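Following: one structure in C-alpha coordinates, then a few remarks.
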Amino acid sequence: MAPPEGEEHRSMLGYHAANYDAKIIQIGNVCEDIENNNTRDKDSTLDEKCDIIYYSSNSKGIFAQCLVSGAVLLLLTGGGMPIGYSAILLPQLAEENGTMYADRQLGSWIASVHSLATPVGSLVSGPLLDEIGRRGSLQFAAVPLFVGWFVIGFAKNISCLLIGRVVLGFGVGLMGVPAQVLLGETADSTLRGFLTGSTLTFYCLGIVIIYALGACFTWNIVALCGTVLPITALIALILIPESPAWLVRRRKPDKARKALLWLRGGNVQQVDAEMRILEARMKTDLARTATTTTSRLGQISSVVSTLLDPSVLKPLTIINIFNILQLISGTFVIVFYAVNLVEDIGGNRINNYLAAVITAITRVLFSSIASVLLLKINRRYLGMFSAVGTAFASLVLAGYLLIQEESSIDVYVVGILLLAYVAVSSMGLMTFPGLMVAELLPQRARGIGGGCNFFFFNLFIFIVTKSFPTVSDAVGITGIFAIFGISALLEAIFVYVALPETKNRTLQEIEDYFQQDNLLWITRSR
(Lines give C-alpha, C1' and ligand atoms only; values in the text may rest on other atoms or scores of the structure.)
Protein backbone atom coordinates (compact mmCIF):
# COMPACT_ATOMS: atom_id res chain seq x y z
CA MET A 1 0.00 0.00 0.00
CA ALA A 2 1.32 3.47 -0.94
CA PRO A 3 2.40 5.65 1.99
CA PRO A 4 0.40 8.78 2.79
CA GLU A 5 1.35 11.91 0.87
CA GLY A 6 3.17 13.47 3.82
CA GLU A 7 5.09 10.28 4.53
CA GLU A 8 6.00 9.94 0.84
CA HIS A 9 7.23 13.51 0.78
CA ARG A 10 9.39 12.93 3.86
CA SER A 11 10.74 9.74 2.32
CA MET A 12 11.76 11.59 -0.84
CA LEU A 13 13.41 14.34 1.19
CA GLY A 14 15.29 11.71 3.16
CA TYR A 15 16.44 10.01 -0.03
CA HIS A 16 17.75 13.23 -1.59
CA ALA A 17 19.45 14.27 1.64
CA ALA A 18 21.17 10.89 1.91
CA ASN A 19 22.12 11.04 -1.76
CA TYR A 20 23.57 14.53 -1.34
CA ASP A 21 25.50 13.47 1.79
CA ALA A 22 26.93 10.50 -0.10
CA LYS A 23 27.96 12.78 -2.96
CA ILE A 24 29.66 15.19 -0.54
CA ILE A 25 31.60 12.27 0.97
CA GLN A 26 32.66 11.21 -2.54
CA ILE A 27 33.74 14.75 -3.35
CA GLY A 28 35.76 14.89 -0.13
CA ASN A 29 37.46 11.63 -1.07
CA VAL A 30 38.27 12.94 -4.53
CA CYS A 31 39.73 16.14 -3.09
CA GLU A 32 41.84 14.05 -0.73
CA ASP A 33 43.03 11.97 -3.70
CA ILE A 34 43.96 15.11 -5.62
CA GLU A 35 45.90 16.60 -2.71
CA ASN A 36 47.70 13.27 -2.21
CA ASN A 37 48.50 13.07 -5.94
CA ASN A 38 45.83 10.39 -6.46
CA THR A 39 47.78 7.72 -4.62
CA ARG A 40 44.72 6.17 -2.99
CA ASP A 41 42.96 5.70 -6.34
CA LYS A 42 45.99 5.12 -8.51
CA ASP A 43 44.84 1.91 -10.14
CA SER A 44 41.37 3.06 -11.19
CA THR A 45 40.78 3.59 -14.89
CA LEU A 46 38.81 6.13 -16.85
CA ASP A 47 36.14 3.51 -17.52
CA GLU A 48 35.78 2.68 -13.82
CA LYS A 49 35.56 6.22 -12.44
CA CYS A 50 32.15 7.17 -11.09
CA ASP A 51 30.58 10.51 -11.87
CA ILE A 52 31.76 12.14 -8.65
CA ILE A 53 30.38 15.59 -9.34
CA TYR A 54 28.06 14.76 -12.18
CA TYR A 55 25.46 17.51 -12.28
CA SER A 56 23.18 18.58 -15.08
CA SER A 57 22.85 22.36 -15.15
CA ASN A 58 19.42 23.91 -14.66
CA SER A 59 17.89 26.16 -17.32
CA LYS A 60 19.42 29.32 -15.81
CA GLY A 61 22.85 27.70 -15.79
CA ILE A 62 22.51 26.52 -19.39
CA PHE A 63 21.45 30.02 -20.44
CA ALA A 64 24.43 31.58 -18.63
CA GLN A 65 26.87 29.16 -20.25
CA CYS A 66 25.34 29.89 -23.65
CA LEU A 67 25.82 33.63 -23.07
CA VAL A 68 29.51 33.04 -22.38
CA SER A 69 29.72 30.92 -25.51
CA GLY A 70 27.95 33.60 -27.54
CA ALA A 71 30.53 36.24 -26.64
CA VAL A 72 33.41 33.88 -27.41
CA LEU A 73 31.84 32.65 -30.64
CA LEU A 74 31.36 36.21 -31.90
CA LEU A 75 35.11 36.66 -31.74
CA LEU A 76 35.77 33.25 -33.30
CA THR A 77 33.47 34.13 -36.20
CA GLY A 78 35.64 37.19 -36.72
CA GLY A 79 38.68 34.92 -36.50
CA GLY A 80 37.37 32.71 -39.30
CA MET A 81 37.08 35.60 -41.74
CA PRO A 82 40.86 36.09 -42.29
CA ILE A 83 41.23 32.35 -42.97
CA GLY A 84 38.91 32.48 -45.98
CA TYR A 85 39.99 35.94 -47.15
CA SER A 86 42.81 34.72 -49.40
CA ALA A 87 40.31 32.64 -51.40
CA ILE A 88 38.47 35.79 -52.54
CA LEU A 89 41.51 38.09 -52.57
CA LEU A 90 43.89 36.11 -54.81
CA PRO A 91 41.59 35.79 -57.85
CA GLN A 92 41.04 39.58 -57.79
CA LEU A 93 44.79 40.22 -57.50
CA ALA A 94 45.42 37.84 -60.42
CA GLU A 95 43.56 40.20 -62.77
CA GLU A 96 46.31 42.15 -64.55
CA ASN A 97 44.10 45.19 -65.06
CA GLY A 98 43.28 45.43 -61.34
CA THR A 99 44.56 48.02 -58.86
CA MET A 100 47.19 45.52 -57.65
CA TYR A 101 48.65 42.40 -59.25
CA ALA A 102 50.08 39.24 -57.66
CA ASP A 103 51.31 36.19 -59.56
CA ARG A 104 50.91 32.57 -58.34
CA GLN A 105 54.04 32.55 -56.16
CA LEU A 106 53.40 35.94 -54.57
CA GLY A 107 49.81 34.86 -54.07
CA SER A 108 50.99 31.82 -52.11
CA TRP A 109 52.85 34.17 -49.75
CA ILE A 110 49.76 36.35 -49.31
CA ALA A 111 47.72 33.24 -48.48
CA SER A 112 50.25 31.59 -46.17
CA VAL A 113 51.86 34.54 -44.35
CA HIS A 114 48.74 34.68 -42.18
CA SER A 115 49.59 31.20 -40.90
CA LEU A 116 53.23 32.16 -40.41
CA ALA A 117 52.17 34.88 -37.94
CA THR A 118 49.51 32.78 -36.22
CA PRO A 119 52.02 30.51 -34.38
CA VAL A 120 53.63 33.60 -32.85
CA GLY A 121 50.25 34.64 -31.49
CA SER A 122 49.70 31.11 -30.20
CA LEU A 123 52.99 31.16 -28.27
CA VAL A 124 52.19 34.56 -26.78
CA SER A 125 48.70 33.39 -25.81
CA GLY A 126 50.08 30.74 -23.43
CA PRO A 127 51.72 33.07 -20.88
CA LEU A 128 49.04 35.70 -21.55
CA LEU A 129 46.34 33.18 -20.71
CA ASP A 130 47.80 32.59 -17.25
CA GLU A 131 48.74 36.22 -16.64
CA ILE A 132 45.64 38.24 -17.60
CA GLY A 133 43.07 35.45 -17.73
CA ARG A 134 41.04 33.66 -20.36
CA ARG A 135 38.56 36.49 -20.93
CA GLY A 136 41.30 39.13 -20.83
CA SER A 137 43.29 37.26 -23.48
CA LEU A 138 40.27 37.18 -25.79
CA GLN A 139 39.72 40.91 -25.32
CA PHE A 140 43.38 41.51 -26.15
CA ALA A 141 43.05 39.33 -29.29
CA ALA A 142 40.22 41.50 -30.66
CA VAL A 143 42.58 44.47 -31.08
CA PRO A 144 44.92 43.07 -33.79
CA LEU A 145 41.89 41.67 -35.62
CA PHE A 146 40.49 45.18 -35.95
CA VAL A 147 43.87 46.73 -36.83
CA GLY A 148 44.69 44.09 -39.45
CA TRP A 149 41.43 44.56 -41.34
CA PHE A 150 41.82 48.34 -41.15
CA VAL A 151 45.33 48.18 -42.68
CA ILE A 152 44.18 45.90 -45.52
CA GLY A 153 41.09 48.02 -46.20
CA PHE A 154 43.24 51.08 -46.91
CA ALA A 155 46.21 49.23 -48.45
CA LYS A 156 47.78 50.86 -51.51
CA ASN A 157 50.39 48.19 -52.27
CA ILE A 158 51.23 44.51 -51.72
CA SER A 159 53.46 45.33 -48.74
CA CYS A 160 50.50 46.77 -46.82
CA LEU A 161 48.46 43.70 -47.69
CA LEU A 162 51.17 41.46 -46.28
CA ILE A 163 51.44 43.56 -43.10
CA GLY A 164 47.69 43.41 -42.61
CA ARG A 165 47.68 39.64 -43.12
CA VAL A 166 50.48 39.26 -40.55
CA VAL A 167 48.59 41.33 -37.96
CA LEU A 168 45.41 39.32 -38.59
CA GLY A 169 47.33 36.07 -38.26
CA PHE A 170 48.78 37.20 -34.95
CA GLY A 171 45.29 38.03 -33.67
CA VAL A 172 43.86 34.68 -34.75
CA GLY A 173 46.76 32.94 -33.00
CA LEU A 174 46.02 34.84 -29.80
CA MET A 175 42.39 33.74 -29.62
CA GLY A 176 42.58 29.98 -30.30
CA VAL A 177 43.72 28.71 -26.90
CA PRO A 178 41.82 31.18 -24.66
CA ALA A 179 38.56 30.49 -26.51
CA GLN A 180 38.75 26.72 -26.06
CA VAL A 181 39.97 26.95 -22.47
CA LEU A 182 37.32 29.47 -21.39
CA LEU A 183 34.52 27.39 -22.89
CA GLY A 184 35.95 24.18 -21.42
CA GLU A 185 36.31 25.67 -17.94
CA THR A 186 32.91 27.35 -17.77
CA ALA A 187 30.77 24.53 -19.23
CA ASP A 188 29.72 21.48 -17.22
CA SER A 189 30.59 18.00 -18.48
CA THR A 190 27.25 17.42 -20.24
CA LEU A 191 27.51 20.61 -22.33
CA ARG A 192 31.28 20.83 -22.77
CA GLY A 193 31.45 18.81 -25.99
CA PHE A 194 28.60 20.74 -27.60
CA LEU A 195 29.89 24.20 -26.64
CA THR A 196 33.56 23.60 -27.44
CA GLY A 197 32.62 21.72 -30.60
CA SER A 198 30.51 24.65 -31.78
CA THR A 199 33.66 26.80 -32.07
CA LEU A 200 34.34 25.27 -35.49
CA THR A 201 30.80 26.03 -36.63
CA PHE A 202 31.21 29.74 -35.97
CA TYR A 203 34.79 29.74 -37.23
CA CYS A 204 33.41 28.34 -40.49
CA LEU A 205 30.56 30.85 -40.39
CA GLY A 206 33.22 33.55 -40.61
CA ILE A 207 34.51 31.87 -43.77
CA VAL A 208 30.98 31.83 -45.24
CA ILE A 209 30.60 35.53 -44.49
CA ILE A 210 33.90 36.42 -46.15
CA TYR A 211 33.12 34.30 -49.23
CA ALA A 212 29.66 35.87 -49.55
CA LEU A 213 31.07 39.40 -49.17
CA GLY A 214 33.79 38.57 -51.70
CA ALA A 215 31.19 37.55 -54.26
CA CYS A 216 29.53 40.98 -53.93
CA PHE A 217 32.28 43.51 -53.16
CA THR A 218 35.90 44.27 -53.93
CA TRP A 219 38.61 42.98 -51.57
CA ASN A 220 39.17 46.34 -49.82
CA ILE A 221 35.46 46.84 -49.02
CA VAL A 222 35.35 43.28 -47.67
CA ALA A 223 38.30 44.07 -45.40
CA LEU A 224 36.57 47.11 -43.91
CA CYS A 225 33.47 44.98 -43.25
CA GLY A 226 35.77 42.67 -41.28
CA THR A 227 36.32 45.33 -38.58
CA VAL A 228 32.73 45.02 -37.30
CA LEU A 229 32.87 41.65 -35.51
CA PRO A 230 36.04 42.29 -33.42
CA ILE A 231 34.53 45.48 -31.98
CA THR A 232 31.20 43.77 -31.27
CA ALA A 233 32.94 40.82 -29.61
CA LEU A 234 35.09 43.11 -27.46
CA ILE A 235 31.95 44.72 -26.04
CA ALA A 236 30.26 41.35 -25.46
CA LEU A 237 33.29 39.94 -23.63
CA ILE A 238 33.14 42.77 -21.10
CA LEU A 239 29.72 41.48 -19.99
CA ILE A 240 30.73 37.88 -19.13
CA PRO A 241 32.68 36.58 -16.10
CA GLU A 242 36.26 35.32 -16.04
CA SER A 243 36.97 31.59 -15.78
CA PRO A 244 36.39 30.36 -12.18
CA ALA A 245 39.35 27.97 -12.52
CA TRP A 246 41.68 30.87 -13.34
CA LEU A 247 40.25 33.00 -10.51
CA VAL A 248 40.90 30.19 -8.01
CA ARG A 249 44.50 29.87 -9.21
CA ARG A 250 44.92 33.64 -8.78
CA ARG A 251 43.67 33.29 -5.18
CA LYS A 252 40.37 35.06 -5.80
CA PRO A 253 37.94 32.47 -4.39
CA ASP A 254 35.12 34.96 -3.76
CA LYS A 255 35.09 36.09 -7.39
CA ALA A 256 35.40 32.47 -8.53
CA ARG A 257 32.42 31.45 -6.43
CA LYS A 258 30.36 34.39 -7.69
CA ALA A 259 31.18 33.47 -11.30
CA LEU A 260 30.32 29.81 -10.69
CA LEU A 261 27.00 30.69 -9.05
CA TRP A 262 26.03 32.61 -12.18
CA LEU A 263 27.29 29.90 -14.53
CA ARG A 264 25.47 27.13 -12.63
CA GLY A 265 22.19 29.01 -12.30
CA GLY A 266 22.50 29.49 -8.53
CA ASN A 267 22.89 25.75 -7.78
CA VAL A 268 24.77 26.02 -4.47
CA GLN A 269 25.42 22.27 -4.15
CA GLN A 270 27.05 22.13 -7.57
CA VAL A 271 29.10 25.26 -6.87
CA ASP A 272 30.30 23.89 -3.50
CA ALA A 273 31.39 20.66 -5.17
CA GLU A 274 33.24 22.37 -8.02
CA MET A 275 34.92 24.88 -5.72
CA ARG A 276 36.29 22.08 -3.53
CA ILE A 277 37.68 20.29 -6.58
CA LEU A 278 39.22 23.48 -8.01
CA GLU A 279 40.84 24.44 -4.70
CA ALA A 280 42.21 20.92 -4.17
CA ARG A 281 43.66 20.90 -7.69
CA MET A 282 45.25 24.30 -7.10
CA LYS A 283 46.98 23.04 -3.93
CA THR A 284 48.37 20.05 -5.81
CA ASP A 285 49.65 22.17 -8.69
CA LEU A 286 51.25 24.68 -6.32
CA ALA A 287 52.96 21.85 -4.43
CA ARG A 288 54.48 20.60 -7.69
CA THR A 289 56.02 23.99 -8.44
CA ALA A 290 56.90 25.00 -4.87
CA THR A 291 60.60 24.28 -5.32
CA THR A 292 60.93 26.29 -8.54
CA THR A 293 62.80 29.58 -8.23
CA THR A 294 61.30 32.86 -9.41
CA SER A 295 64.32 33.69 -11.61
CA ARG A 296 64.02 33.72 -15.40
CA LEU A 297 66.00 30.48 -15.59
CA GLY A 298 63.76 28.95 -12.95
CA GLN A 299 60.63 29.97 -14.87
CA ILE A 300 61.98 28.45 -18.08
CA SER A 301 62.87 25.29 -16.17
CA SER A 302 59.35 25.17 -14.76
CA VAL A 303 57.80 25.48 -18.24
CA VAL A 304 60.05 22.75 -19.65
CA SER A 305 59.38 20.41 -16.73
CA THR A 306 55.64 20.99 -17.11
CA LEU A 307 55.71 20.16 -20.82
CA LEU A 308 57.85 17.06 -20.23
CA ASP A 309 55.58 15.78 -17.47
CA PRO A 310 54.04 12.56 -18.87
CA SER A 311 50.53 13.69 -17.94
CA VAL A 312 51.07 16.74 -20.20
CA LEU A 313 53.37 15.28 -22.85
CA LYS A 314 51.05 12.35 -23.65
CA PRO A 315 47.97 14.44 -24.52
CA LEU A 316 50.15 16.96 -26.38
CA THR A 317 51.59 14.14 -28.49
CA ILE A 318 48.12 12.78 -29.29
CA ILE A 319 46.78 16.22 -30.22
CA ASN A 320 49.73 17.13 -32.47
CA ILE A 321 49.78 13.82 -34.36
CA PHE A 322 46.04 14.18 -34.93
CA ASN A 323 46.52 17.75 -36.18
CA ILE A 324 49.32 16.87 -38.61
CA LEU A 325 47.32 14.07 -40.22
CA GLN A 326 44.25 16.30 -40.33
CA LEU A 327 46.11 19.05 -42.18
CA ILE A 328 47.65 16.66 -44.71
CA SER A 329 44.09 15.45 -45.30
CA GLY A 330 43.50 18.86 -46.92
CA THR A 331 41.02 20.44 -44.53
CA PHE A 332 42.62 23.89 -44.54
CA VAL A 333 43.93 23.73 -48.11
CA ILE A 334 40.29 23.64 -49.23
CA VAL A 335 39.61 26.77 -47.14
CA PHE A 336 42.61 28.82 -48.30
CA TYR A 337 42.41 27.88 -51.99
CA ALA A 338 38.68 27.18 -52.42
CA VAL A 339 38.15 29.30 -55.55
CA ASN A 340 41.40 28.17 -57.20
CA LEU A 341 40.72 24.50 -56.44
CA VAL A 342 37.25 24.62 -57.93
CA GLU A 343 38.69 26.29 -61.03
CA ASP A 344 41.40 23.61 -61.33
CA ILE A 345 38.79 20.84 -61.14
CA GLY A 346 35.94 22.26 -63.22
CA GLY A 347 37.53 25.00 -65.29
CA ASN A 348 35.12 27.64 -66.57
CA ARG A 349 32.09 25.35 -66.31
CA ILE A 350 31.59 26.18 -62.60
CA ASN A 351 30.89 29.53 -60.96
CA ASN A 352 33.96 29.47 -58.73
CA TYR A 353 32.74 31.98 -56.12
CA LEU A 354 29.33 30.35 -55.85
CA ALA A 355 30.97 26.94 -55.45
CA ALA A 356 33.25 28.31 -52.71
CA VAL A 357 30.26 29.77 -50.84
CA ILE A 358 28.40 26.45 -51.10
CA THR A 359 31.37 24.52 -49.68
CA ALA A 360 31.62 27.01 -46.81
CA ILE A 361 27.89 26.73 -46.04
CA THR A 362 28.23 22.94 -46.11
CA ARG A 363 31.07 23.20 -43.61
CA VAL A 364 28.95 25.32 -41.26
CA LEU A 365 25.97 22.98 -41.55
CA PHE A 366 27.87 19.78 -40.85
CA SER A 367 30.04 21.22 -38.10
CA SER A 368 26.75 22.27 -36.45
CA ILE A 369 25.50 18.70 -36.80
CA ALA A 370 28.77 17.50 -35.25
CA SER A 371 28.24 19.78 -32.24
CA VAL A 372 24.83 18.20 -31.62
CA LEU A 373 26.17 14.68 -32.18
CA LEU A 374 28.84 15.33 -29.53
CA LEU A 375 25.96 15.44 -27.03
CA LYS A 376 24.72 12.02 -28.12
CA ILE A 377 27.54 9.75 -29.32
CA ASN A 378 31.10 8.92 -28.32
CA ARG A 379 33.95 11.11 -29.53
CA ARG A 380 35.90 8.15 -30.92
CA TYR A 381 33.00 6.93 -33.07
CA LEU A 382 32.51 10.39 -34.56
CA GLY A 383 36.25 10.80 -35.17
CA MET A 384 36.59 7.47 -36.97
CA PHE A 385 33.46 8.09 -39.04
CA SER A 386 34.77 11.50 -40.12
CA ALA A 387 38.24 10.20 -41.02
CA VAL A 388 36.96 7.17 -42.96
CA GLY A 389 34.35 9.30 -44.76
CA THR A 390 36.97 11.90 -45.70
CA ALA A 391 39.27 9.18 -47.04
CA PHE A 392 36.46 7.62 -49.07
CA ALA A 393 35.35 10.93 -50.65
CA SER A 394 38.95 11.96 -51.43
CA LEU A 395 40.00 8.66 -52.99
CA VAL A 396 36.81 8.31 -55.05
CA LEU A 397 37.26 11.87 -56.34
CA ALA A 398 40.91 11.17 -57.16
CA GLY A 399 39.93 7.97 -58.96
CA TYR A 400 37.20 9.71 -60.94
CA LEU A 401 39.54 12.51 -62.04
CA LEU A 402 42.15 9.91 -63.01
CA ILE A 403 39.92 7.83 -65.30
CA GLN A 404 38.07 10.75 -66.89
CA GLU A 405 39.56 13.08 -69.47
CA GLU A 406 39.28 16.74 -68.56
CA SER A 407 36.70 17.44 -71.28
CA SER A 408 34.38 14.63 -70.11
CA ILE A 409 34.37 15.43 -66.39
CA ASP A 410 30.83 15.74 -65.04
CA VAL A 411 30.80 18.84 -62.84
CA TYR A 412 27.84 17.51 -60.86
CA VAL A 413 29.70 14.32 -59.91
CA VAL A 414 32.74 16.35 -58.92
CA GLY A 415 30.56 18.78 -56.98
CA ILE A 416 28.83 16.02 -55.01
CA LEU A 417 32.13 14.34 -54.13
CA LEU A 418 33.73 17.64 -53.12
CA LEU A 419 30.76 18.55 -50.92
CA ALA A 420 30.83 15.06 -49.39
CA TYR A 421 34.51 15.59 -48.58
CA VAL A 422 33.81 18.96 -46.93
CA ALA A 423 30.80 17.58 -45.02
CA VAL A 424 32.43 14.53 -43.43
CA SER A 425 35.74 16.27 -42.71
CA SER A 426 33.82 19.03 -40.87
CA MET A 427 32.12 16.48 -38.61
CA GLY A 428 35.27 15.35 -36.82
CA LEU A 429 38.63 16.16 -38.37
CA MET A 430 38.08 19.91 -38.11
CA THR A 431 36.04 19.80 -34.90
CA PHE A 432 38.41 17.79 -32.73
CA PRO A 433 41.61 19.92 -32.50
CA GLY A 434 40.00 22.63 -30.36
CA LEU A 435 37.90 20.13 -28.42
CA MET A 436 41.01 18.11 -27.51
CA VAL A 437 42.83 21.18 -26.17
CA ALA A 438 39.84 21.95 -23.93
CA GLU A 439 39.46 18.36 -22.69
CA LEU A 440 42.80 16.51 -22.75
CA LEU A 441 45.28 19.03 -21.34
CA PRO A 442 45.47 19.28 -17.52
CA GLN A 443 44.46 22.56 -15.93
CA ARG A 444 47.99 23.59 -14.96
CA ALA A 445 49.20 23.21 -18.57
CA ARG A 446 46.30 24.63 -20.56
CA GLY A 447 48.08 27.95 -21.01
CA ILE A 448 51.57 26.91 -22.04
CA GLY A 449 50.51 23.52 -23.43
CA GLY A 450 47.67 24.96 -25.48
CA GLY A 451 49.96 27.72 -26.76
CA CYS A 452 52.59 25.21 -27.88
CA ASN A 453 49.95 23.05 -29.51
CA PHE A 454 48.45 25.91 -31.51
CA PHE A 455 51.97 27.11 -32.39
CA PHE A 456 52.81 23.82 -34.10
CA PHE A 457 49.32 23.51 -35.57
CA ASN A 458 49.50 26.90 -37.27
CA LEU A 459 53.13 26.44 -38.27
CA PHE A 460 52.11 23.30 -40.10
CA ILE A 461 49.17 25.15 -41.68
CA PHE A 462 51.74 27.61 -43.05
CA ILE A 463 53.91 24.80 -44.42
CA VAL A 464 50.93 23.06 -46.05
CA THR A 465 49.38 26.20 -47.57
CA LYS A 466 52.73 27.60 -48.77
CA SER A 467 53.76 24.33 -50.40
CA PHE A 468 50.36 23.57 -51.94
CA PRO A 469 50.94 25.35 -55.30
CA THR A 470 54.28 23.56 -55.74
CA VAL A 471 52.90 20.14 -54.81
CA SER A 472 49.84 20.72 -57.00
CA ASP A 473 52.04 21.53 -59.99
CA ALA A 474 54.07 18.36 -59.34
CA VAL A 475 51.30 15.77 -58.83
CA GLY A 476 48.23 17.46 -60.26
CA ILE A 477 44.80 17.79 -58.70
CA THR A 478 44.33 14.00 -58.86
CA GLY A 479 47.48 13.40 -56.83
CA ILE A 480 46.43 16.06 -54.33
CA PHE A 481 43.19 14.27 -53.47
CA ALA A 482 44.99 10.92 -53.34
CA ILE A 483 47.31 12.39 -50.69
CA PHE A 484 44.27 13.73 -48.82
CA GLY A 485 42.67 10.27 -48.82
CA ILE A 486 45.73 8.36 -47.64
CA SER A 487 46.31 10.80 -44.79
CA ALA A 488 42.66 10.54 -43.71
CA LEU A 489 42.95 6.73 -43.61
CA LEU A 490 45.99 7.05 -41.34
CA GLU A 491 43.97 9.46 -39.18
CA ALA A 492 41.20 6.88 -38.77
CA ILE A 493 43.73 4.28 -37.59
CA PHE A 494 45.28 6.78 -35.17
CA VAL A 495 41.90 7.72 -33.66
CA TYR A 496 41.09 4.04 -33.10
CA VAL A 497 44.47 3.31 -31.50
CA ALA A 498 45.21 6.39 -29.40
CA LEU A 499 42.33 8.81 -28.84
CA PRO A 500 40.72 8.39 -25.38
CA GLU A 501 36.95 8.53 -24.95
CA THR A 502 36.00 11.67 -23.00
CA LYS A 503 32.23 11.93 -23.42
CA ASN A 504 30.52 12.75 -20.08
CA ARG A 505 33.89 12.57 -18.26
CA THR A 506 34.86 15.35 -15.90
CA LEU A 507 38.11 17.17 -16.64
CA GLN A 508 39.46 15.63 -13.42
CA GLU A 509 38.77 12.09 -14.68
CA ILE A 510 40.50 12.82 -17.99
CA GLU A 511 43.51 14.25 -16.18
CA ASP A 512 43.69 11.17 -13.96
CA TYR A 513 43.68 8.93 -17.05
CA PHE A 514 46.90 10.51 -18.35
CA GLN A 515 48.54 10.38 -14.91
CA GLN A 516 48.41 6.60 -15.17
CA ASP A 517 50.56 4.55 -17.56
CA ASN A 518 48.25 5.22 -20.50
CA LEU A 519 49.24 6.46 -23.95
CA LEU A 520 47.31 4.28 -26.41
CA TRP A 521 43.61 3.78 -25.71
CA ILE A 522 43.63 0.18 -26.94
CA THR A 523 46.36 -0.75 -24.42
CA ARG A 524 45.00 1.29 -21.48
CA SER A 525 44.83 -0.12 -17.96
CA ARG A 526 41.60 -2.09 -17.61
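The values are calculated or read from the model by the stated rules, or taken from the named source; none is laboratory data. Predicted model only: the values in this text are computed from it and were never measured. With ideal geometry, Cβ positions are generated from the backbone for all residues, glycine too; neighbour counts draw on all protein chains shown.
Odds and ends about this structure:
- Qualifying positions in region 262-273 - under 26 Å from the mean Cα position of the chain (by Cα) and either part of a helix (DSSP H, G or I) or farther than 15 Å from residue 187 by Cβ (or both): 262, 263
- For region 121-143, the candidate set comprises residues that are hydroxyl-bearing (Ser, Thr, Tyr) and touching a Pro at 6+ places or on another chain (Cβ under 7 Å); within that set, the residue that is nearest to residue 307 (Cα to Cα) is 125.
- Within region 145-175, tally of residues that are more than 25 Å from residue 448 (Cα to Cα) and hydrophobic (A, V, I, L, M, F, W, C): 13
- When every residue of region 31-48 is checked against the conditions, at least one turns out to be modelled with pLDDT under 80 and at positive phi.
- Test: residue in region 412-425 that is under 30 Å from residue 516 (Cβ atoms), in contact with a helix residue (DSSP H, G or I) (Cβ under 7 Å, 6 or more places away or on another chain), of a type outside the set (Val, Ile, Thr) and not assigned by the TED database to the domain that holds residue 197: no
- Candidate set: region 159-196, residues that are in contact with a Leu (Cβ under 7 Å, 6 or more places away or on another chain) and β-branched (Val, Ile, Thr); chosen: the one farthest from residue 249 (Cα to Cα): 196
- Candidates are the residues of region 241-256 that are more than 23 Å from the chain's Cα centre (by Cα) and crowded, with 19+ Cβ neighbours inside 10 Å; the one that is nearest to residue 131 (Cα to Cα) is 249.
- Residue match in region 104-112 (condition: in contact with a Ser or Thr (Cβ under 6 Å, 6 or more places away or on another chain), within 20 Å of residue 336 (Cα to Cα), part of a helix (DSSP H, G or I) and modelled with pLDDT of 90 or more): no
- Boolean, residue 408 is out of contact with any Gly (no Cβ under 7 Å at 6 or more places or on another chain), at pLDDT below 90 and hydroxyl-bearing (Ser, Thr, Tyr): yes
- Top-ranked residue in region 461-489 [being aliphatic (A, V, I, L, M) and within 21 Å of the chain's Cα centre (by Cα); ranked as surrounded by the fewest Cβ atoms within 10 Å (Cβ to Cβ)]: 463
- Top-ranked residue in region 170-228 [being hydroxyl-bearing (Ser, Thr, Tyr) and assigned to a loop (DSSP other than H, G, I, E, B); ranked as modelled with the highest pLDDT]: 227
- Just so you know, in region 498-526 the residues that are assigned to a loop (DSSP other than H, G, I, E, B) and more than 23 Å from the chain's Cα centre (by Cα) include one that is modelled with the lowest pLDDT, and it is 526.
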